[in-house]
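Asker: Below: one structure in structure tokens.
Throughout, read-outs are computed from the coordinates displayed, never taken from laboratory work. What you are looking at is a predicted structure, and each value in this text was computed from that prediction instead of being measured. All Cβ positions, glycine included, derive from the backbone under ideal geometry; neighbour counts span all protein chains shown.
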Amino acid sequence: MPEYLTQAIDSPAAWKALPINTTANTLIHLNNQQIGELRQSANKLDSHNTTWSECQLEDFELASLKPVVESIRAVLEGGHGFVVVSGFPIDTSITLTKRIFFSFGHQLGFPDPQDAAGHLLHDIRDTGSDPFKVDDLRLYQTNRELDFHNDGSDAFLLLCIEAAVAGGQSRLVSAITVFNEILARRPDLARVLQEPFPFDARGQQVPGQPRVQTVPIYAYHEGYLNVLFKRTYIEMAERFPEVPPLSEPQKEAMDLMSTLCETLSIEFTLKPGELLIANNYDLLHGRPAYQDHPGIPEKRRHMLRLWLSLPNGRPLPPHFKNTREFCHSFTRRQDFHRSRP
């Protein structure tokens with residue numbers, strides 16, 4: 001039986017508005033020594049022709065970054081849940097920039113596959129395709145608005161290479177605060193959100209699992225409230241004949257949740273060389289639609305993304321094992337506990 005949460009959560013991640021600055025511990029500047037170590041690490045990987053999947057933690061010599069990494073981990077799990085890192089080096093080739101980015105991510109956690117093909121690093125940009133006509137197309141591959149949602153694994157990293165000419169700002173909201181507000185206003189809908197919803201897996205489902213995931217939006221487990229919300233994919237799941245129509249309480253609960261996400265969110269623009277890192281269980285993120293520079297392909301909005309499992313990650317609900325978003329972090333937790341004496 002699911003464990004229904006009926007009381008508000010008191011947590012540093014239950015914020016209503018946080019500025020992006022050093023005072024609020026939401027902004028970190030990389031110094032020259034840290035940038036130099038990142039470059040050296042990437043050059044080492046490049047000279048050895050090492051692939052992403054072959055990288056080991058000992059391949060990276062990033063001593064000056066260790067305090068930064070430790071502070072980021074503490075913010076992600078147990079803190080307010082996100083940080084923006086500025087000064088990230090992107091003035092080299094895109095291939096070397098990817099290696100630098102991967103080096104940093106591997107220092108912070110364990111890079112996980114982001115799709116069924118096992119890709120560890122994704123380019124986030126518009127492909128010009130229509131997700132309603134291509135079954136396995138994911139919304140990040142378009143320039144459409146992205147409703148509030150979360151990505152996969154414990155945390156996501158989003159590095160800005162090129163910004164849009166208009167739109168595409170980053171939006172963040174505390175899913176914990178949203179739940180607390182729903183609980184205060186409509187406890188009946190808070191319970192509905194802790195019951196199963198269908199999610200279109202977009203062809204990325206865990207091997208052996210159906211094309212539609214059926215899991216709750218909110219799940220309380222061992223003292224932690226976890227969110228999994230992708231409204232567009234929930235609504236897309238209804239196109240499959242095996243999926244029953246959403247109930248009126250389910251629609252009402254998502255309407256209230258979406259409204260609160262809008263009113264309680266913060267919005268900011270990532271500039272080239274800025275990196276957003278956020279927890280995927282406490283926070284939701286989104287973006288408005290955007291426009292690219294017309295006629296200048298190399299100036300298209302371009303982000304690089306990693307999904308990471310964190311060494312200090314929380315215990316996860318059992319049903320996360322079979323979700324495409326959190327299966328890898330769940331498995332890493334199990335492997336870690338089995339390896340302990």
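Asker: Between helix 94-108 and the chain, what is the angle of the helix's C-alpha long axis to the longest principal axis, kept within 0 to 90° and rounded to the nearest 10?
Answerer: 70 degrees
Asker: Which lysines have a Cα lying under 25 Å from the Cα of Lys98, excluding residues fewer than 8 positions away in the same chain?
Answerer: Within the straight-line cut-off, Lys98 pairs with Lys44, Lys66, Lys271, Lys299.
Asker: Skipping prolines and chain starts, which residues have an amide H placed within reach, meaning under 5 Å, of the one on Val206, given they are 5 or more residues away or on another chain?
Answerer: Arg324
Asker: Is the range 241-341 rounded, prolate or oblate when judged by the Cα gyration tensor, a ≥ b ≥ c being the square roots of its eigenvalues, rounded requiring a/c under 1.5 and prolate requiring a/b larger than b/c?
Answerer: Taking the square roots of the gyration eigenvalues as a ≥ b ≥ c, the range 241-341 is oblate.
Asker: If you take the square roots of the eigenvalues of the alpha-carbon gyration tensor of the range 180-253 and sort them as a ≥ b ≥ c, do you get rounded (a/c under 1.5), prolate (a/b over b/c) or oblate?
Answerer: oblate
Asker: How much length would be gained if the chain were fully extended between Thr92 and Asp10, taking 0.36 nm per residue of separation minus their Cα-Cα distance, in nm to one decimal?
Answerer: Full extension from Thr92 to Asp10 adds 25.1 nm.
Asker: Suppose R0 equals 45 Å; then what is the FRET efficiency for Ala184 and Thr269 from their Cβ-Cβ distance, rounded to the nearest 0.05?
Answerer: Approximately 0.90, to the nearest 0.05.
Asker: Oh, and also: Taking the Cα centre of each part, how many Å lie between the range 265-317 and the range 153-173?
Answerer: 3 Å
Asker: With the cut-off at 1.5 for a/c, could you classify the range 27-339 from its C-alpha gyration tensor as rounded, prolate or oblate? Display every interim value, and only then the final one.
Answerer: On the way: a/c = 1.62, a/b = 1.41, b/c = 1.15.
Prolate.
Asker: Could you list Lys98, Lys66, Lys321 so that the one with the fewest beta carbons within 10 Å of its beta carbon is first and the one with the most is last?
Answerer: Sorted ascending by nearby Cβ count, the order is Lys66, Lys321, Lys98.
Asker: Could I ask something else about it? From the phi angles alone, apply the Karplus equation (6.51, -1.76, 1.60; θ = phi - 60°) to the range 75-90 and give each ³J(HN,Hα) in whole Hz, x where the residue is Gly or Pro.
Answerer: Values per residue, Gly and Pro as x: 6, 5, 10, x, x, 7, x, 7, 8, 10, 9, 10, x, 5, x, 10 Hz.
Asker: Tell me which lysines have Cα within less than 27 Å of Lys321's Cα, excluding those fewer than 8 residues away on the same chain?
Answerer: Straight-distance partners of Lys321: Lys230, Lys251.
Asker: Mind sorting Ile296, Ile234, Ile94 by how few other Cβ atoms lie within 10 Å of their own Cβ, fewest first?
Answerer: Values: Ile296 10, Ile234 21, Ile94 13.
Least to most surrounded, the residues fall as Ile296, Ile94, Ile234.
Asker: How much net charge surrounds Gly208 when only other residues with a Cβ under 14 Å from its Cβ are counted (Lys, Arg +1; Asp, Glu -1)?
Answerer: Taking every Cβ under 14 Å from that of Gly208, the sum is +3.
Asker: With a sphere of radius 10 Å drawn around the Cβ of Val165, what net charge do the other residues whose Cβ falls strictly inside it have (Lys, Arg +1; Asp, Glu -1)?
Answerer: Numbers: positive: Lys299, Arg300, Arg301; negative: Glu162, Asp292.
With Lys, Arg at +1 and Asp, Glu at -1, the neighbours total +1.
Asker: So what are the ³J(HN,Hα) numbers for the range 154-164, from phi and the Karplus equation (6.51, -1.76, 1.60; θ = phi - 60°), rounded to whole Hz, Gly and Pro as x?
Answerer: Residue by residue, the range 154-164 yields 5, 8, 10, 10, 10, 9, 7, 9, 9, 8, 6 Hz.
Asker: For the peptides 238-247, 176-185, what is the packing order when you average, over each peptide's residues, the other Cβ atoms within 10 Å and list the highest mean first?
Answerer: By packing density, highest mean first, the sequence is 176-185, 238-247.
Asker: Counting each DSSP H run of 4 or more residues in the chain as -39500 (n - 2.57), what helix-only mean residue ellipticity at 222 nm follows after dividing by all residues, to the nearest 500 deg cm²/dmol?
Answerer: When only DSSP H runs of four or more count, the value is -8500 deg cm²/dmol.
Asker: Gap in Å between the Cα centre of the range 219-264 and the Cα centre of the range 16-30?
Answerer: About 30 Å separates the Cα centre of the range 16-30 from the one of the range 219-264.
Asker: Quick check on the exposure proxy: order Ser153, Ser64 from fewest to most C-beta atoms within 10 angstrom.
Answerer: Numbers: Ser153 26, Ser64 16.
In increasing order of surrounding Cβ atoms, one gets Ser64, Ser153.
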